[in-house]
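As structure tokens, the structure follows; a few thoughts come after it.
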Amino acid sequence: DINLQEISPELRELLVSIGRQIGIAVESVNNLQEVLLGKELLQSVFDGITDHLVLLDREFRIRMVNRAYLENYAVSLDEIENRHCYSIHGAGTGPCKRCDLEQVILSGKPMVQEVKCVTGEFFLVHFYPVRDEYGEVESVIRYAKEISDQKRVEQRIQQTEKLVAMGQLAA
């Protein structure tokens, strides 16, 4: 048994200080566990979406993507995380000419655009700003849904309508 009266004031102060540090360390570990659980939950929500989902920061760097994105482009997160989106999908030297990401960052308003890729695929791309506690746009969620089949059907309908109009004119 240790008699608390026998402990010198210096040693008591040291023990109290060590106790506080241990308390802070335990609290930090608990907070880190909560953050990791939150990140895992967010990633599972991202992965549950079957269209492409990307979280981009203000400098156009990829922060997070979903499984559908990784599978479609056959890449790993390590290959693309923290890289500029335009270095992967564009010219590589700066933001793409027809990209609304910069406009969303400046205006703070969501935007939608239809994009035709060099591969011929069509995407309907939604940009959603994510604000920090001060109301500033800190990142943007880019949601892209492939609409290539829909565009082909629309083109066939337009072609059929033209043929019908020509047939009516001929009649």
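Here region 38-132 is described by how far its Cα atoms reach on the three principal axes: 34, 33, 23 Å, from widest to narrowest.
When the helices of the chain are scored as -39500 (n - 2.57) per DSSP H run of n ≥ 4 and the total is divided over every residue, the value at 222 nm lands at -16500 deg cm²/dmol. Shown here for region 97-164: chymotrypsin sites (Phe, Trp or Tyr not before Pro) in loop regions (DSSP other than H, G, I, E, B) with at most 16 other Cβ atoms within 10 Å, namely Tyr134. Would you mind checking Lys97/Lys162; Lys39/Lys116; Lys39/Lys151; Lys39/Lys145 for any pair whose Cα atoms are more than 29 angstrom apart? From Lys97/Lys162; Lys39/Lys116; Lys39/Lys151; Lys39/Lys145, over 29 Å: Lys97/Lys162; Lys39/Lys116; Lys39/Lys151. A simple rule links phi to the HN-Hα coupling: the Karplus curve 6.51 cos²θ - 1.76 cosθ + 1.60 with θ = phi - 60°, which for region 24-36 gives 5, 5, 5, 5, 5, 4, 4, 5, 5, 4, 5, 5, 5 Hz, with x for Gly and Pro.
Per residue, how large is the accessible surface of the chain? Use a 1.4 angstrom probe and give square angstrom. Mind dumping the intermediate values first?
Working: 12420 Å² over 171 residues.
Heavy-atom accessible area per residue stands at 73 Å².
Proximity of backbone amide H atoms, modeled 1.01 Å from N, is registered between Asn66 and Leu53 at under 5 Å, excluding neighbours fewer than 5 places apart on the same chain. Taking every C-alpha pair closer than 8 Å and separated by at least 6 residues, the mean separation divided by the residue count of the chain gives a relative contact order of 16 percent.
So for the chain, what are the equivalent ellipsoid semi-axes in whole Å, largest first, each being the square root of 5 times an eigenvalue of the Cα gyration tensor?
Numbers: eigenvalues 644, 53, 40 Å².
With the √(5λ) rule applied to the chain, the semi-axes are 57, 16, 14 Å.
The order of the peptides 71-81, 45-55 by mean Cβ neighbours within 10 Å, most packed first, is 45-55, 71-81. Of the solvent-accessible surface of the chain, computed with a 1.4 Å probe over protein heavy atoms with every protein chain present, carbon and sulfur atoms account for 56 percent.
Only residues of region 63-80 count here: report those whose backbone N is under 19 Å from the spot 7 Å along Cα→Cβ of Glu40, or say none. Of the residues in region 63-80, 65-67 have backbone N under 19 Å from the label point off Glu40.
Say the dipole of region 57-171 comes from +1 at the beta carbon of Lys and Arg and -1 at that of Asp and Glu; which of Ile80, Leu101, Ile62 then lies farthest toward its positive end? Farthest towards the positive end: Leu101.
Between Leu32 and Ile88, what's the calculated FRET efficiency when r is the beta-carbon distance and R0 is 25 Å? Round to 0.05. Working shown, then result.
Numbers: r = 30 Å, r/R0 = 1.21.
Once rounded, the FRET efficiency stands at 0.25.
The values are calculated or read from the model by the stated rules, or taken from the named source; none is laboratory data. These figures come from a predicted structure and were not determined experimentally. Cβ coordinates were reconstructed from backbone atoms using ideal geometry, including for glycine residues, and neighbour counts include every protein chain displayed. Heavy atoms of the whole protein, side chains included, go into the accessibility calculation; ligands, DNA and RNA do not. Shrake-Rupley method; radii C 1.70, N 1.55, O 1.52, S 1.80 Å.
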